[in-house]
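*Asks:* Shown below is the structure under consideration.
The values are calculated or read from the model by the stated rules, or taken from the named source; none is laboratory data. Bear in mind the structure is a predicted one, so any value in this text is a computation, not a measurement. Please note: Cβ atoms are built from the backbone with ideal geometry, for glycine as well, and neighbour counts cover all protein chains shown. Side chains included, ligands, DNA and RNA excluded: accessible areas come from the protein's heavy atoms. Shrake-Rupley method; radii C 1.70, N 1.55, O 1.52, S 1.80 Å.
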Amino acid sequence: MRALPERGPLTRVRSWGDSTPWAVTGHAEQKVLLSDPRLSVDFSNPGFPSPVDPTHAHAGSTDMSFVGMDDPEHNRLRRMVSGAFTIKRVEAMRPRVRKMVDDFIDAMLEGPKPADLVRDFALPIPSLVISEMLGVPYEDHDFFQINSKTIVSTVATPEERRTAHANLATYLDELIGRKLTEPGDDLLSSLCVQIEAGELTRREAATMGVLLLLGGHETTANMISLGTLLLLHHPDQLALIRDTDDPNVIRDGVEELLRYLSIVHLGRRRTALEDIDVAGHTIRAGDGVILLGELANRDPAIFPDPDSLDLTRNARQHQAFGAGTHHCVGQPLARMELQVIYPTLFRRIPTLRAVGDLDTIPFKYDAVIYGLHSLPITW
């Protein structure tokens, strides 16, 4: 991966099944291509850069709702949920998230040491947040966390991933069925209104629910634990985000952590519907394209000294959430959660430290969303 940018911002690579898609490593080129409607996200297109078995991981399943659709169908479904993730709506949730964070920190401080930051803090907070938004009973969190973990696993079999997805889809469908007769003030209930209006099917609503449930806790949970570990190993940077009340400083610090960690490790994959000229190359119709956000986020033309963690840099141009019409719909929520969590955690537990050396910590090399399986901590 490190050598790819040396071959230019676009280069042919050998991928699954001896296919040779284009790998896009340059930040500027990715920004342009991610907004180009001539690139399709439809997994069923010939030439789409997927494994031999198209059910590989979550990104290979057409059951993952609008993430695998092009406009106008993508936009039709996406707009049914995007209103719940506006900055205004998300900011209204900030006091509630602060209380959740304090409550889970209180529980850790009252519990045994060492604690597991993933189990006791990083995973339950975003799970509780997205559960409340969707109207999913939080007491079922073990069920959807186990199935979500299987869906994003790179070592689970295709059948195991299909079963996990079906488990969640069935669960959400049954929950939607109850909300059709007993609606609440939540996102699934708002989708029920679309179902009753004939604008959405129950299956579409259930698969959208799976997508939001999965995306709402897996990614943020991994950012919490991985970012905490990173900051513990950079105490000067940790102090910047701990010792300030300036929301702009905290915001910039979170953006730098998102850039530096770039936790989505499968690439944003597309197929060209027409010939596209970019950076002196022609991507031909039918060619596969893999846009590697983790390399765009280390592009020295945009981020000087990109391998250094610098919470004071302006990292807002990072591609952690993608760009264009398919940018992550939940990014305002993820940003808000991280802006609350990092400074609160380090202020409340100023002597926080990881237990053991880095080589004893189980990293998620077996998932398409990078993170930690566990992080023993003490104070």
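*Asks:* Please specify each residue of segment 74-107 satisfying the condition of being open to solvent by less than 10 Å² (accessible area, probe 1.4 Å) and of a type in the set (A, V, I, L, M).
*Replies:* If the condition is that a residue be open to solvent by less than 10 Å² (accessible area, probe 1.4 Å) and of a type in the set (A, V, I, L, M), then 77, 81, 90, 97, 100, 101, 105 are the ones that fit.
*Asks:* Okay, next question. Which pairs have Cβ atoms under 6 Å, sit 6 or more apart or on different chains, and link a residue in segment 331-351 that is over 23 Å from residue 316 (Cβ atoms) to one that is part of a helix (DSSP H, G or I) and not charged (D, E, K, R)?
*Replies:* Here the result reads 348/105, each pair linking segment 331-351 to a residue that is part of a helix (DSSP H, G or I) and not charged (D, E, K, R).
*Asks:* Considering each of 53, 36, 42 in turn, give the residue that is more than 24 Å from residue 316 (Cα to Cα), assigned to a loop (DSSP other than H, G, I, E, B), open to solvent by 20 Å² or more (accessible area, probe 1.4 Å) and modelled with pLDDT of 90 or more.
*Replies:* After ruling out the rest, the residue left standing is 42.
A quick yes/no check of all residues on (1) in contact with a strand residue (DSSP E or B) (Cβ under 6 Å, 6 or more places away or on another chain); (2) open to solvent by 30 Å² or more (accessible area, probe 1.4 Å):
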| residue | (1), (2) |
| --- | --- |
| 338 | no, no |
| 341 | no, no |
| 346 | no, no |
| 360 | no, yes |
| 367 | yes, no |
| 373 | no, yes |
| 379 | no, yes |
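*Asks:* Continuing with this model, one more query. So, residue 322, is that one at positive phi, part of a loop (DSSP other than H, G, I, E, B) and over 22 Å from the mean Cα position of the chain (by Cα) or not?
*Replies:* Taking the combined requirement at face value, the residue does not satisfy it.
*Asks:* If a residue has to be surrounded by 16 or more Cβ atoms within 10 Å (Cβ to Cβ), within 22 Å of residue 320 (Cβ to Cβ) and not charged (D, E, K, R) to count, how many in segment 280-307 make the cut?
*Replies:* 11
*Asks:* Quick one: residue 47 ticks every box in (1) at pLDDT 95 or above; (2) open to solvent by 40 Å² or more (accessible area, probe 1.4 Å) except a single one, so which number is it?
*Replies:* Going through (1) at pLDDT 95 or above; (2) open to solvent by 40 Å² or more (accessible area, probe 1.4 Å) one by one, residue 47 breaks only (1).
*Asks:* Does any residue of segment 106-119 turn out to be assigned to a helix (DSSP H, G or I), at pLDDT below 95 and in contact with a Leu (Cβ under 6 Å, 6 or more places away or on another chain)?
*Replies:* No, segment 106-119 has no match at all.
*Asks:* Separate question: Return the residue satisfying two criteria in turn: it lies in segment 4-16 and is over 25 Å from the mean Cα position of the chain (by Cα) and open to solvent by 60 Å² or more (accessible area, probe 1.4 Å), and of such residues it is modelled with the highest pLDDT.
*Replies:* So the residue we want is 12.
*Asks:* Follow-up question, since we're still on this one. Yes or no: segment 171-186 includes at least one residue that is closer than 16 Å to residue 150 by Cα and open to solvent by 10 Å² or more (accessible area, probe 1.4 Å).
*Replies:* yes
*Asks:* Further question on the same structure: Of the residues 191, 230, which is modelled with pLDDT of 95 or more and touching a Gly at 6+ places or on another chain (Cβ under 9 Å)?
*Replies:* Every option except 191 fails the conditions.
*Asks:* Continuing with this model, one more query. Checking residue 271 against (1) of a type in the set (Ser, Thr, Tyr); (2) more than 15 Å from residue 339 (Cβ to Cβ); (3) in a loop (DSSP other than H, G, I, E, B), which test does it fail?
*Replies:* Among (1) of a type in the set (Ser, Thr, Tyr); (2) more than 15 Å from residue 339 (Cβ to Cβ); (3) in a loop (DSSP other than H, G, I, E, B), the lone unmet condition for residue 271 is (3).
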